[in-house]
Every structure is written in C-alpha cells, then in structure tokens.
Amino acid sequence: MKRKIILSMGLMVLLCTMVFANGQKEAASQGDGLITVGYAQVGAESDWRTANTESFKSTFVEANGYKLIFDDAQQKQENQIKAIRNFIQQDVDYIVVAPVVETGWETVLKEAKEAGIPVILSDRQMDLSDDSLYTAWVGGNFLKEGQDAIKWLNDYVKKEGRANEELNIVLLQGTIGSSAQVGRTKGVTEGLAKNPKYKLLAKQTGEFTQSKGQEVMESFLKAYPDIDVVIAENDNMAFGAIDAIKAVGKVPGEDIIIISFDAVKEAFNRMVAGEINCDVECNPLHGPRVAEIIQTLENGGTVDKIMYVKEDVFDTSNAAAMLPTRKY
Ligand code: AHR
C-alpha cells in the first residue's frame, strides 16, 4: 500500500512537471501575441535622427501590438551588421534597417532571408545585387532633394538680381557612401555644373554632425575667404557652419547664403531669424509608414518595393507661417 502511494505521488509530480514545462515552451514560442521588430538605427548624429528614433519608439509599442528591439549603431556599419545578426538569433518577426552606407549588406541580408525574416529598409537605401534580399523601402528622394536645392538657388539669384554674379560655393557633405549623401551630392553637383557662374570651391564630409560641420566650415573659411554660398547636406552641419561663420564676423544668411536639408524645427527658427535661407525637407517620421507595411504583410497583402515620401522646400518667405505646423 505504502509503495502504491509513493508511486502515484511520483506520477503526479512527473505529470505536473510535464504540464509546467509544456506551458513554458508555449509561452516562449507563442510569446505574448506581439509582433517583434528589430530596428537597426544609424545612430544619434542629428536632430533628424532623434525625431526618427522617436517615431519608431512611439509607434512600435505594446498597445499597438508590437515589441521593439532598438539598436543604435553609432554611425558604424559593423555595429548594424552585429545588430541584424542578433535580431536573427532572437528570431524577430521583422527586421528594419536604416543603413549607414549603401554597400556591403549582401551577406547579412542573405542570413536574414535564410532565417525567413523579412527585412524592411527605411530612410536610406542599400545598393544590392539582389533586390529580393529586402521586402520594401520607404524614405525620402535624396537626389530630388539635391536638385530642389539648386532649383531654389537658381530662382533666388534671379530674384535678387545676382544672376550675372560669379558665386563661390562650398558643400558640406553627409556620411560618405550613405544614400543621403550620394543622392544629395549628385543632385547638387550636377545642378551647379549647369551654370558657369557657379564655382564649387570644395566639398568635404561633416559626417552629418554639428561639431564636424563647424570644424569643416572653419577650415573652408580659412582656405577660401570669399565664400558666397554654403550648402550643408543636413541641418546640424548647417548649425555648425553658422557658428563658424559668426566666429569670423560674417552674417550667415546675408554675407553667405545658407542652404540646408532636413527642415527640423530648429532650422525653421534659423530661417525666421534669417540665418538659413532655404531648407529642403527630409521627413523622418517613418515609424507609422513601416508599421503600415508590416500590417499589410501580416494581412497577406503586397506592398510597393519603393515608397518615396512627399517632401517640400521652405525658405525665409514661408518659414514663420509654417513653424507652428512642424512636427519634428
Ligand atoms: O538619412 C537621412 C539623413 O541622416 C538626414 O539628413 C540627417 O540629418 C541624418 O543624419
């Protein structure tokens, strides 16, 4: 009898252990019903980037059915590759990448494809030999942004009666090899080349940061005392350039025309103050756009491979009126 009791107790413990273990396994495989998204972000180099991060963090929340694993690569491609491999290991449902540079992604994207995880690109593009390595891309048209900047300059010099004047121009470039830099530089340099009155004195990277933008502008001002136009491939570099210009006793926006990209709120303040003449918009609010792509895919739908976001051009004539409407 004693033996029977011990045996049935043992059986019960075994059963309980099996039920518990099974429950644990269920919890791990089904999770909490949330869609897990790994976001390999470029870094935190600019106001634009901060707004972009915020857009993802506020969209991919539990209340909307998501779990976000966020990684800041500190502007290094090797960190982004590591982050993508981590996401694969964690078996996330979707991988989102804002690639630091355009090239060098094939190997890691093949790993994601083999793991059956869809990759969505956002903001910057990749230069890939095989387009099936990603599902969709959403972002700004950087080439058009560069072209729009020069279109604005052409109109401005005409309006100011300076069309016959030779203009000395310097270009502060973004991270070399990033699609934002490649597209904007192409649009700007090709546009400038069409007008013999424009002289591009120099172009150099300011890494999309304020401090580097200031540093490069300081060296430009030393090398070229007669600069008429600065084109900065993002707002933070423009802010740095403005500090450098003020430091040599010149008035930004008056002595030197400043054209910038992004159109973040602070840039609108600078346009209202007359320090930036023109700002070509680059919209960072991609969180909801990527969420829409994911929802379509979850519902079995198909999405466009390339989705350009609508972007505007602002200048001192409309900045004050637009400032209250700006979301970033
Ligand atoms: O890729 C978009 C660019 O990256 C933005 O112009 C810049 O501010 C950011 O760092």
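Summarising the overall dimensions of region 142-282 from its C-alpha atoms, the Rg and Dmax are 13.3, 37 angstrom. Charge dipole of the chain (Cα centre as origin; +1 on each Lys and Arg Cβ, -1 on each Asp and Glu Cβ, all else neutral): 960 debye, rounded to the nearest 20. Of the peptides 106-119, 226-239, 133-146, 199-212, the ranking by mean beta-carbon count within 10 Å, highest at the top, reads 226-239, 133-146, 199-212, 106-119.
Placing R0 at 51 angstrom, the Cβ-Cβ distance between LEU201 and GLN295 gives a FRET efficiency of 0.55 after rounding to 0.05. The per residue volume of the convex hull around the alpha-carbon atoms of the chain is 166 Å³.
Per 0.36 nm of contour for each residue apart, how much would the distance between ILE306 and LYS194 grow if the chain were fully extended, relative to their Cα-Cα spacing?
37.4 nm
Could you rank the peptides 241-249, 285-293 by their average count of other C-beta atoms within 10 Å per residue, with the highest value first?
285-293, 241-249
Antiparallel DSSP bridges in the chain: what percent, to the nearest 5? Bridges in the chain that DSSP calls antiparallel: roughly 5 percent. Computed from label points 7 Å out along Cα-Cβ, the spacing between ALA273 and ALA44 is 2.4 nm. Annotation: the antiparallel percentage among DSSP beta bridges lying fully within region 142-282 is about 0. Shown is the FRET efficiency for THR107 and ALA63, computed with R0 = 30 Å from the Cβ-Cβ distance and rounded to the nearest 0.05: 0.25.
Among GLY274, GLY213, GLY161, the largest mean-square fluctuation in a Gaussian network model of the chain (Cα springs under 10 Å) belongs to GLY161.
Could you pull out the pairs from LYS144/LYS310; LYS113/LYS305; LYS76/LYS186; LYS212/LYS246 whose alpha carbons sit more than 20 Å apart here? Checking Cα-Cα distances, LYS76/LYS186 exceed 20 Å. The separation of region 250-271 from region 273-318, counted between C-alpha centres, amounts to 21 Å. Length gained on full extension, GLU254 to ASN168: 29.5 nm, using 0.36 nm per residue less the C-alpha separation. For the pair ASP127 and GLN89, what calculated FRET efficiency results from E = 1/(1 + (r/R0)^6), where r is the Cβ-Cβ distance and R0 = 30 Å, to the nearest 0.05? Once rounded, the FRET efficiency stands at 0.70.
Here the accessible area is traced with a 1.4 Å probe on the protein chains. For the chain, carbon and sulfur cover 52 percent of it. Which whole DSSP H helices in the chain pass both tests: a Cα extent of 30 Å or more along the axis and a mean Kyte-Doolittle value no lower than -1.0? Long hydrophobic helices here: 2-30. If only the Cβ of Lys and Arg carry +1 and only the Cβ of Asp and Glu carry -1, the dipole of region 142-282 around its Cα centre is close to 360 debye.
Based on DSSP H segments of at least four residues, each scored -39500 (n - 2.57), the chain has a per-residue ellipticity at 222 nm of -14500 deg cm²/dmol. The residues of region 142-282 expose on average 39 square angstrom of accessible surface per residue, using a 1.4 Å probe on protein heavy atoms.
The values are calculated or read from the model by the stated rules, or taken from the named source; none is laboratory data. Note that the coordinates shown come from a computational prediction; the quantities given were computed from them, not determined experimentally. Because the Cβ atoms are built from the backbone with ideal geometry, glycine has one as well, and the counts that use them run over all protein chains shown. Only protein heavy atoms, including side chains, enter the accessible area calculation; ligands, DNA and RNA are left aside. Shrake-Rupley method; radii C 1.70, N 1.55, O 1.52, S 1.80 Å.
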